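Written below as structure tokens is the structure these notes are about.
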Amino acid sequence: QVQLVESGGGLVQPGGSLRLSCTVSGNILSSSTMGWYRQGPGKQRELVALVKSDNNTNYGDSMKGRFTISRDNAKNTIYLQMNSLTPEDTAKYYCYYSDFLNDDWGQGTQVTASS
């Protein structure tokens, strides 16, 4: 079993920045994919960004150029730097972990961009 602990959400003014972190623990494998999805009010869950063990990344279309995902394998932690936030980025952000044996989600952290 895998546990994911997220942090870094909060309230930010439009145009501002936030950094999310997610640390994974438990029966994790060296080869894995981690990342973030989000779900806004009345919307379906959508891809934010993914990063593999080899640091290959994949982003949702509306996040490209504004969000950056990174990974510290030694700390089993990923980070999501979010810049130029808009009210449309308001959502609950969920950390995601996947390997050959596991497919797990965090509890989510709320991000609100509002004046």
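The values are calculated or read from the model by the stated rules, or taken from the named source; none is laboratory data. Bear in mind the structure is a predicted one, so any value in this text is a computation, not a measurement. With ideal geometry, Cβ positions are generated from the backbone for all residues, glycine too; neighbour counts draw on all protein chains shown. Heavy atoms of the whole protein, side chains included, go into the accessibility calculation; ligands, DNA and RNA do not. Shrake-Rupley method; radii C 1.70, N 1.55, O 1.52, S 1.80 Å.
Leaving out ligands and nucleic acids, and using a 1.4 Å probe, what accessible area per residue does region 15-115 come to in Å²?
52 Å²
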Q.
If I model a spin label at Ser84 and Gln1 as a point 7 Å from the Cα along the Cα→Cβ vector, what separation in nanometres do I get?
A. 4.2 nm
Q) In vacuo Debye scattering of region 64-106, one point per C-alpha: log10 I(q)/I(0) at q = 0.15, 0.27, 0.28 Å⁻¹? A) -0.51, -1.10, -1.12
Q: Please work out how much accessible surface Ser25 shows to a 1.4 Å probe, ignoring ligands, DNA and RNA, in Å² rounded to 10.
A: 50 Å²
Q: Output the relative contact order of the chain, whole-number percent, from Cα pairs under 8 angstrom with separation of 6+ residues.
A: 37 percent
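Inverting the mean 1/r over all pairs of different Cα atoms, compute the Kirkwood radius of the chain and quote it in Å.
14.0 Å
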Q) Round to a whole number: what % of the accessible area of region 69-115 belongs to carbon and sulfur, probe 1.4 Å? A) 45 percent
Q: Compute the distance in nm between two label points, each set 7 Å from the Cα along the Cα-to-Cβ direction, one at Thr33 and one at Phe100.
A: 1.7 nm
**Q.** Dipole magnitude of region 1-86 about its Cα centre (Cβ charges: Lys, Arg +1; Asp, Glu -1), debye to nearest 20
**A.** 120 debye
Q.
Please state the shape class of region 44-86: rounded when a/c is under 1.5, otherwise prolate if a/b exceeds b/c and oblate if not, all from the C-alpha gyration tensor.
A. prolate
